[in-house]
Every structure is written in C-alpha cells, then in structure tokens.
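Engineer: Just passing along the structure, written as structure tokens.
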Amino acid sequence: MTMKLRKISAGTAMAYLLLLACTKKQAEEFKPSAPDVPGAKVSYAAVIDPIFKARCNGCHSAGRSGTVAWTFSGFSSVTADADRIKNAVVVTKSMPLGGSLSAADLQSIKDWFDQGMQP
Ligand code: HEC
C-alpha cells in the first residue's frame, strides 16, 4: 500500500514538472519584442517597421528615387526582397544611402532576418 502511494506521488510530481516545463516554454515563445533584451524575438511590426519608415521610406516609397531598385510598402515588400535588402543593409551596408544605421538598429535588423522574419 505504501509502495503504491509512493509510485502515484512520484508520477504526480513528474506530471507537475512536465506541466511546469511546458508553461515555461510557452511563456518564452510569447515573449514580446524588446530590441534591447538580448535573445528576445524581434517582430517586424514593433521594431523593424519603425526603422524602415524612418530610414528607408523617404527614398523607397512610391515615386521616390530609390524605387528604381526597390519599393518599400510594408512587411511583404521587405520579405519579398529579403535577400537583396539583407545584403544592402547588413552585409555591404550600402543602405541607407548616404547615411548609416545606429548599431542597435542594425543589430535588430540582423536579428530579425536571422530569426526568420517574424511579422
Ligand atoms: C537617400 C535615399 C535612400 C535611402 C535613405 C535608402 N535608399 Fe536604398 N536605394 C536608394 C537608391 C537611389 C537606390 C538605387 C541605386 C543604388 O543602388 O545605389 C537604392 C537601392 C536599394 C536597394 C537595391 C540594392 C541592390 O543592390 O539591389 C535596396 C535593397 C535598398 N536600396 C534598400 C534600402 C533600405 C532597406 C533602406 C533603409 C535602411 C534604404 N535603401 C535607404 C536610395 C536610398
């Protein structure tokens, strides 16, 4: 009888630990974007869109000089040309033309590409 009880409580403890592990994992997955927290997921809407609007839109929105190469119009315009944009901004740093991004913004963009371009 005592043995059986011990088995049950060991099983319950295991189940509880597994539940705890799952809850913790989910909490990590839904961690909100915070560019200044190392390892946090970078989302397009919260972090990348404001950077592109401030630093790229002036030349790459419809009718502007940069549209000969690429037209910026939000998330899908970036993901559709991801390779070229990543190359111009992160690798060769030829963009933004005539300027440069802050180290923090550049890191956020790099992380966003590396994390698979979260919306
Ligand atoms: C001052 C204006 C200006 C700004 C700001 C600017 N661009 Fe550009 N961009 C251009 C022009 C003009 C071209 C086409 C000629 C060239 O490639 O130099 C271009 C070309 C590009 C290309 C094509 C490059 C290639 O090799 O195919 C990409 C991608 C690009 N820009 C992305 C961006 C991104 C992303 C930003 C913001 C981080 C940005 N640009 C900011 C003017 C600008």
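Every read-out reported here was derived from the displayed coordinates using simple, explicitly stated rules and does not represent laboratory data. No experiment lies behind these values; they were computed from the predicted model shown. In this analysis, Cβ positions are derived from the backbone assuming ideal geometry, glycine residues included, and neighbour counts consider all displayed protein chains.
Engineer: What is the extension gain from Ala45 to Thr92, computed as 0.36 nm multiplied by their sequence separation minus the C-alpha to C-alpha distance, in nm to one decimal? Mind showing how you got there, number by number?
Structural biologist: Values: separation 47, 0.36 × 47 = 16.92 nm, distance 2.47 nm.
Full extension of this stretch gives 14.4 nm more.
Engineer: Check which residues have an amide H placed less than 5 Å from Gln118's amide H, if you skip close sequence neighbours.
Structural biologist: HN-HN under 5 Å from Gln118: Tyr44.
Engineer: Which whole-Hz couplings ³J(HN,Hα) result when phi for each residue of the stretch 44-58 is put into the Karplus expression 6.51 cos²θ - 1.76 cosθ + 1.60, θ = phi - 60°, listed in order with x for Gly and Pro?
Structural biologist: Going residue by residue, I get 4, 4, 7, 10, 7, 4, x, 5, 5, 5, 7, 10, 10, 4, x Hz, with x marking Gly and Pro.
Engineer: Suppose every Lys and Arg Cβ carries +1 and every Asp and Glu Cβ carries -1, with no other charges. What dipole size does the stretch 44-114 come out with about its Cα centre, to the nearest 20 debye?
Structural biologist: Working: 7 positive and 6 negative charges, 44 e Å.
Using only the charged Cβ atoms, the result is roughly 220 debye.
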